[in-house]
Amino acid sequence: MSLETLLLYFFAAASLAGGVLMLIARHPMRVALALISSMISLAGIYAILGVHVIAVFQVLIYVGAVMVFMVYVIMLLDVRDPSFLERYGRAVVPSVAVAALLAVALGAAVSGGDIMSAERLAAMHQGGRSGASFEVQPFSVEFLERYWLHFELTSVLLLAAVVAAIAVIKAGRRHHG
Amino acid sequence: MDRTQLLLTLSIALFALGLVGVMIRRNALVMLMCMELMLNGVILSLVTFAERSAMLSGAVLVFLVFVVAAAEIAIAIPIVLLLARRRRTLDVGAWSELRG
């Protein structure tokens, strides 16, 4: 077993452990930390796969922006909130059963179906642009040459999100007094 | 186990864990974070397939999904804060009259 495979198993186990801790932890701050560790393990997996750009995005956007925002909000809130003390709602057993059923069904589809068959993957490989590389330089060149319009459109989306967030806050204030 | 199979299994497991979290936890912020976990599971499968098929468009799609997720959080958190301010709790049970 090569070092790469070992690391892959390690990161997979770490991200799973983070997911399980999210269900068990009581305080939202611990849940956030578990989610951050899970996301960083996923970034490690992306780096092992050679998709360096996405590994960097995962750390920068998810851990650096989204989760820091989340941690700020948790610090803003009242710790004596009863929902911090009582973890679970009422329908625990049926929910776990439904999710387990879904996981088993998806797993059966993945292992039983022909998604993983060698011909299918070879066909996928043919469809792709040959020699496409996910390293930073080739990706950036291709990204800004072919997909520049999409890249610019994301800024419009972000602007719309900013306006929407401000509108939500203002609407709440008006209602509050 | 094949590498692709391992990663797809991991993505299914993360999705299921997130789903359990959304359904059983009471705290609205924790539910949001569990949704993020579900999204991460799905992104993992997207990256796996993009890497297997060596398609750059897959990586671009992942970038767009990241941006959408950031926008989603930027809107969802003010809404959660408004709800928390009005009922003085983050417990979703306090909003149970919203069910149809």
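None of the figures in this text is laboratory data; all of them are computed from the coordinates on show. Predicted, not measured: the structure shown is a model, and the values here were computed from it. Every residue, glycine as well, gets a Cβ built from its backbone with ideal geometry; the counts of neighbours run over all protein chains shown.
Could you check the range A:138-167 and list, in sequence order, the residues that are surrounded by 12 or more Cβ atoms within 10 Å (Cβ to Cβ), within 12 Å of B:Leu56 (Cβ to Cβ) and not acidic (Asp, Glu)? Those that are surrounded by 12 or more Cβ atoms within 10 Å (Cβ to Cβ), within 12 Å of B:Leu56 (Cβ to Cβ) and not acidic (Asp, Glu): A:Pro138, A:Phe139, A:Phe143, A:Arg146, A:Tyr147. Of the residues making up the range B:15-58, those that are without any contact (Cβ under 8 Å) to a residue 40 or more places away in the chain and not in a helix (DSSP H, G or I) number 4. If you go through the range A:153-176 and pick out every residue that is closer than 16 Å to B:Phe66 by Cβ and either of a type in the set (D, E, K, R) or within 7 Å of chain B (Cβ to nearest Cβ) (or both), you end up with 4. Here A:Leu6 meets each of (1) of a type in the set (A, V, I, L, M, F, W, C); (2) within 25 Å of B:Leu29 (Cα to Cα); (3) exposed (fewer than 14 other Cβ atoms within 10 Å of the Cβ) with one exception, condition (2).
For residues that are at the interface with chain A (Cβ under 7 Å from one of its Cβ atoms) and among the aliphatic types (A, V, I, L, M), scanning just the range B:70-80, find the one that is farthest from A:Val136 (Cα to Cα).
Residue satisfying both the conditions and the ranking: B:Ile79.
Flag set for B:Thr48, criterion: hydroxyl-bearing (Ser, Thr, Tyr) and either more than 7 Å from every other protein chain (Cβ to nearest Cβ) or surrounded by 22 or more Cβ atoms within 10 Å (Cβ to Cβ) (or both). Reported count of residues in the range B:22-37, each being in contact with a helix residue (DSSP H, G or I) (Cβ under 6 Å, 6 or more places away or on another chain), buried (at least 19 other Cβ atoms within 10 Å of the Cβ) and over 16 Å from B:Leu90 (Cβ atoms), is 1. Scanning the range A:25-39 for residues that are in contact (Cβ under 8 Å) with a residue 24 or more places away in the chain and not charged (D, E, K, R) gives A:His27, A:Pro28, A:Met29, A:Ala32, A:Leu35, A:Ile36, A:Ser38, A:Met39.
For the range B:54-64, a residue qualifies if it is surrounded by fewer than 18 Cβ atoms within 10 Å (Cβ to Cβ) and more than 7 Å from every other protein chain (Cβ to nearest Cβ), and the qualifying residues are B:Ser57, B:Leu61. Only one of the listed residues (B:Arg26, B:Arg86) is under 28 Å from A:Gly89 (Cβ atoms), out of contact with any Ser or Thr (no Cβ under 8 Å at 6 or more places or on another chain) and of a type in the set (Lys, Arg). That residue is B:Arg86.
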